[in-house]
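**Student:** Mind having a look at this structure? Questions to follow.
What follows is calculated from the coordinates using simple rules that are stated; it is not laboratory data. Here the structure is a predicted model, which means the values were calculated and not measured. As a convention, Cβ positions derive from the backbone with ideal geometry for all residues, glycine included, and neighbour counts pool all protein chains shown.
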Amino acid sequence: MKDRLMFQNAPHVRQSESVVTIMSGVLFALLPIYLMSLFYYGARSLVLGICGAFFCCAFSAIGSLLLHEKPVPDLTPIITGLIIPLLMPADIPYYVVISACAVAIFVVKLPFGGTGSNLFNPAAVGFASVAICWPELVFRYPATMQAIEIFGESTAKIAQSPAYSLSFGAVPDYNVLDMLLGSAPGPMGATNILVVAACGIFLIVKKAVNWITPVSFLVPYALLCLAFPRISCSSFDALCFELFSGTIIFGAFFMLTEPVTSPKRDFGKLLAGISSAIVVFLFRYFGEFEIGFASALIVMNVFSPVFDAVCENILHAFRHKDSIIATFKSDKVRKKLSDNQDIKAEEIKEEPVSEDEQEKNAEVIEEIDLSEKEESGEEAVQ
Amino acid sequence: MIAEKEKNGFKESLAYIFSRNPVLVLGLVIGQLAAGDTTLQNGVALSITYLLITVPVLVFASVIGKKLPDWLKIVSYAVLSAAMLLPSYFICGSISATIFDSLGIYPSLLAVSTVPIVFSSKIAEKQSPAFAAVNGLCISAGFAVTAILLGAAREFFGNGSLWGFKIAEASFPAVKLPFWGFILLGFMAAIINWVKDLIKKTDKNPDGEEERV
Amino acid sequence: MTYIFQFFTMMLTALFVENIVFTRAIGTSWMFYLTKRPKELLRYVLLLMAVTTVSGLIGYPLRGIVYNSEFRHVLIPLLYIAVMAIVYLAAYFLIKKFLPDQFEHFGMTLGAAVFNCATLGSLLIPSSERLDLIGTIGYGIGMSLGFGFAVIMVSYGLTRLEYCRVPKIFRGIPIALIYLGLLSLAFYGLVGHQLPT
Amino acid sequence: MSFFVKGIFLEQKKEPMLTRSTLVMRQEFEYFDCDFPDTPVEELSAKQIIELARLAGIVDESDGKMLWEKLEKANSGECGTLIVDAIDDEPYISSQMSICIHQPEKLALGIELCEKALSPEKAYIAMYRHILDSNFGIPSKIGKYRVKKIGGRYPAESRVYRHIPKGKNSVIVGACAMLHLARAAEESRKMTSCFITVAGDVVKNPRNVEVPIGTTAEKILELCGLTEEPEAIILGGSMTGRAIFEPENETVGPTTRGVIALARSYGTYSYTCIGCGRCDHACPKALSVCAMRKFAEAGKLDMLQQYDVSMCIGCGACSYVCPSRIDVSATLLKAKKQIEIAKKEGTL
């Protein structure tokens, strides 16, 4: 019996949910999107996905070999590699996908320390870098319902995407139902709004993704689009076109919610969602091309520690509520007294007392919990 | 005694070429390289300009710098380095007539970079003129190595050519944008760190364990 | 009214679209210097703004003389450096006379703060783009605000990098450069895709 | 908005232990002599009760202090509330609750004695009632004392302190100590045994046992039987106890609450923190756990102090929820100790 005993630290029961289950949930949610693009564009979309996933894994393995680190079994490169092709048209050449994967792994992930340390969303940076390099390939979308050759030069018919027409203020010639079902041309995975939204809701139900992030992004974005429409048609249609074109819905569920680069607390997530809605809107409204979402995401990733710091400061004030109130009160007392008495004598008398009070309060806080809101709520439950 | 000190000093100033590279290790003239150094020709032109600015300013600082009043020092260095743009304009013009047009404002920004302004007043004033000249040469050599390597790499990947001659088809035109300049410089700096690590390992403790964090 | 509108358009353009650090790649060494000293940032941005405004005002009538010269690539920077020298000397003696305790504090770094790439760059760009007077000043103010903005963004990232498991060979300058590159990539998304030819 | 959400939902796994009665290990009882053997229990004075607790050597199992010292301290001033702690909020552990369910009369007698000693304004029993485990009935009254059900999420013990009216001398005593006090008054028995939960997924016959103090963990496990060899044996609660290697040498004391044998240790995990922020939401003290773990790894003690690491109560909620199975709680407790040392040395 003795030989088998192992050392382990304090909580001896652990949650059954682990990184692997969360990540496989995301993988599982990406599958239906690939099936839809298989239906619209033929087998090439699947091959693109496999290519992206394979090369991301291979690049991260090579990277960990170069840095003399122990390779870790990790699902995040697969997710990155699967998300990148979904942002691109179905007839994209393979080398574009591979170089996006290379940028995502070699520039964004490895130098910063691999999974868990990357400061930027790898898929967003990979996509943005190739979109800047080959815009004529990345933003030329084929028409739907045609099988595209798996290898070689694509001869697919090209169609104008709704996001492109919106960018110069024209009304897209598709109706809302087309856009919901995904028969409008656009990025391979981001056009099937219904499927994408269903997969996102699946992720939320599975708790792989916090519901606050997509909601706090989509609602303010929709409000902004209603307030400042780019095209002249009925406001409902304009809203639908704005929301369903480009990668807004897909990004809200799959890219904005990446755990590493987003704020930690729910309140921080709310702030980040609202501000990224504003930044995405500005980038799409004034920016010259359709990579607005990806580049706005990169800019917002910089500020996620700021939102964390805001939350921490609020909570810090709450934790030290009693001592803060005590110092405030003692200040008031001092002021009242100093009005009446000689100021200099007052200062000498009062300061040690107030310090004592602070110390006492600090001791009290150790024992007594802080938030009264919570307490009243719980007593109601009981 | 003094000679020995100078000898050590020479060794130190040689380090500016590699292990104390002004761009990759000290992080000095990054912006001009990242934005301006998009082809091999541009790299060469920038290196020549940098050489022509750095050496005279450092020598000038070590010869006359101490005798000038405080308020005149930096002004004189800045004006001198801006004046040195003129000879470099003629020399670089012989490479290609339009090179200064393609470089835009970046060669003139070299005139107010850290080495001619800060380095001269803080370090070069305390050195002998010959030593200051060697220092300047080594710094500009370190700059030139970086600029030429970066320019060649960006021209090759961006246009598939070298010194204007087409040699390959492959093209990745975004490499010429400033952000790829930053990223490539970052990777070059990482390579320098890696080589330094290797040298340290083989030199001092061949089987000593590296600390891991 | 149109002048005010033009001024603000130019300022916002310089602040975001043509950010001095992210899209023009100017003043990086000063930026890294300032990320370690956040207290000096506000003073430096104000100084940058003052120097660009005053030098822009002085330099604007003079630059017409050298615009069409064959050696304009040399003469324009020389002109602006001369103007900056005048501004520097004026500031030097004014501070020394009227604010002696401030002079002890940063009188020595004043020279390095006036003569650097950020100041010269924010003077040269409007002149090479041939902006008018209002545009020049708006551009200069936007540039200096954009510089402060860039310093704040980069310093957030650098403090965050302290807690990342950055591989040993990437620590220090390399990771800072890669970080800067990725940020400037994001700003290119706003500018569009003007590839250099 | 879970800005203030604290704690975690835990599967309690108390079922077989609570429905079965307490198993008493064979032992010889020790008795003490006292000056007031003939006085009926109802007529004991406050001082006599405290003396009883001293003679019987009763240790409060909830904090490890001597019961008579606590009573004397509380008796010196005006006593506000008497709270009997029967909160078993950790999974498996149910020794206090099983006393409440299976030996209510004795417990009520003990509380009565204690109330007489302190004469508080009110007295109640606090029990943890998990939302998911509603099968077993928690009595609403034990004797004449109200049972206050503490609901909600895992670290419930610290939440009891909230019900104390501020500014009055209140005392919290353990349920097992009350039982021992009743025994001391009725039978003049010394406290020689302790109540322990034996549980875990490899224990054949999981139940609450009463064993003499000083019994080894091996013997206790033999008493209940093992179905297969365990990989981890834990002395104490499943959230805060410690893993032991030598079950034949480790003995149980008056504050030990359980012996748990698990088939699999959770093992080491090669994943790093992915920054999901679940630990931040789990923390009952609303600390920024995720950031503090990074500071602790970088050795930034000043930042840790600024983020109030000293408020960590070591409940282990953060480690429980971590999907990467990082020992967050252990890291933070270590950092807390480091800060205490640094403060003593004056380096911080």
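**Student:** Using a Gaussian network model of chain A with C-alpha springs under 10 Å, which one of A:216, A:165, A:18 is most mobile by mean-square fluctuation?
**Tutor:** Between A:216, A:165, A:18, it is A:18 that shows the largest mean-square fluctuation.
**Student:** Right, here's the next one. With only Lys, Arg, Asp and Glu charged, each at its Cβ (+1 for the first two, -1 for the last two), find how big the charge dipole of the protein assembly as shown is about the Cα centre; round to the nearest 20 debye.
**Tutor:** Working: 101 positive and 107 negative charges, 534 e Å.
Rounded to the nearest 20 debye, it is 2560 debye.
**Student:** How about the stretch A:126-218: which chymotrypsin sites (Phe, Trp or Tyr not before Pro) there are in a DSSP loop, with at most 11 other Cβ atoms within 10 Å of their Cβ?
**Tutor:** Working: sites: A:127, A:139, A:151, A:164, A:168, A:174, A:202, A:211, A:217; in loops: A:139, A:151, A:168, A:174, A:211.
Counting only loop positions with at most 11 other Cβ atoms within 10 Å, the chymotrypsin sites (Phe, Trp or Tyr not before Pro) in the stretch A:126-218 are A:151, A:168.
**Student:** Report, in listed order, any pair from D:47/D:190; D:285/D:334; B:196/C:168; B:67/C:36; B:11/B:196; C:36/D:337 with a Cα-Cα distance greater than 22 Å.
**Tutor:** Values: D:47/D:190 18 Å; D:285/D:334 18 Å; B:196/C:168 12 Å; B:67/C:36 33 Å; B:11/B:196 16 Å; C:36/D:337 31 Å.
Too far apart for the 22 Å limit: B:67/C:36; C:36/D:337.
**Student:** List the residue ranges in chain B for DSSP H helices whose C-alpha atoms run 27 angstrom or more along the long axis and whose Kyte-Doolittle average is 0.5 or above. Could the numbers behind the result be given before it?
**Tutor:** Details: long enough: B:40-64 (36 Å, 1.86); B:129-159 (43 Å, 1.20); B:178-203 (37 Å, 0.78).
What comes out of the filter, once short or polar helices are dropped, is B:40-64, B:129-159, B:178-203.
**Student:** Points 7 angstrom from Cα along the Cβ direction at residue A:68 and residue D:169: gap in nanometres?
**Tutor:** Distance between the two pseudo-spin positions: 6.7 nm.
**Student:** Angle, helix A:235-244 long axis vs. longest principal axis of chain A, Cα atoms, 0 to 90°, nearest 10?
**Tutor:** Result, in degrees: 80.
**Student:** Sticking with this structure for a sec: Within 10 Å of each Cβ in B:83-91, how many Cβ atoms from other chains are there, averaged over the peptide? Let's see the in-between values first.
**Tutor:** On the way: counts 4, 1, 7, 5, 1, 2, 5, 2, 0.
Rounded to a whole number, the mean comes out at 3.
**Student:** Across the residues of A:248-260, average count of Cβ atoms on other protein chains within 10 Å?
**Tutor:** On the way: counts 0, 0, 0, 0, 0, 0, 0, 0, 0, 0, 2, 7, 5.
Counting other chains' Cβ atoms within 10 Å and averaging over A:248-260 gives 1.
**Student:** Can you tell me the relative contact order of chain C? Whole percent, Cα pairs under 8 Å, sequence separation 6 or more. Spell out each step's value before the answer.
**Tutor:** Working: 178 pairs, mean separation 82.9, N = 197.
Contact order relative to length: 42 percent.
**Student:** Next up: Quick one: grab the alpha carbon gyration tensor of the stretch C:115-197, order the square roots of its eigenvalues as a ≥ b ≥ c, and give me rounded if a/c is under 1.5, else prolate or oblate depending on whether a/b is larger than b/c. Please report the intermediate quantities before stating the final value.
**Tutor:** Numbers: a/c = 2.64, a/b = 1.97, b/c = 1.34.
Taking the square roots of the gyration eigenvalues as a ≥ b ≥ c, the stretch C:115-197 is prolate.
**Student:** Then there is this: Have a look at A:162, B:46, A:245 and report the one farthest towards the positive end of the charge dipole of the protein assembly as shown, computed about the Cα centre with Cβ charges (Lys/Arg +1, Asp/Glu -1).
**Tutor:** Checking the options against the dipole of the protein assembly as shown, the answer is B:46.
**Student:** Still on this structure, I have one more. Is the C-alpha gyration tensor of the stretch B:72-213 telling us rounded, prolate or oblate? Criteria: a/c under 1.5 is rounded; beyond that, a/b larger than b/c is prolate, otherwise oblate. Before the final figure, lay out the partial values.
**Tutor:** Values: a/c = 2.32, a/b = 1.07, b/c = 2.17.
Note, shape of the stretch B:72-213 comes out oblate.
**Student:** Can you bin the stretch C:9-189 into rounded, prolate or oblate? Criterion: square roots of the alpha carbon gyration tensor eigenvalues sorted a ≥ b ≥ c, rounded for a/c under 1.5, prolate for a/b above b/c, oblate for the rest.
**Tutor:** Details: a/c = 2.17, a/b = 1.35, b/c = 1.60.
Note, shape of the stretch C:9-189 comes out oblate.
**Student:** Sticking with this one: Among D:345, D:250, rank each residue by its count of other Cβ atoms within 10 Å, from fewest to most, as a rough exposure measure. Don't skip to the end; give the middle numbers.
**Tutor:** Working: D:345 8, D:250 16.
Exposure proxy ranking, most exposed first: D:345, D:250.
**Student:** With contacts defined as alpha carbon pairs under 8 Å and 6 or more residues apart, what's the relative contact order of chain B in percent? Don't skip to the end; give the middle numbers.
**Tutor:** On the way: 278 pairs, mean separation 71.3, N = 213.
Reported as a whole number, the value is 33 percent.
**Student:** Once Lys and Arg get +1 and Asp and Glu get -1 on their Cβ, which of A:139, B:106, A:234 lies farthest toward the positive end of the dipole of the protein assembly as shown?
**Tutor:** B:106
**Student:** Which order do the peptides D:144-157, D:196-209 come out in when sorted by mean C-beta neighbours inside 10 angstrom, highest first?
**Tutor:** D:196-209, D:144-157
**Student:** Which residues among the stretch A:160-186 fall inside the zone where the amide N is under 17 Å from a point 7 Å beyond the Cα of residue A:234, along Cα→Cβ?
**Tutor:** Counting backbone N atoms under 17 Å from the label point, the list is A:171-180.
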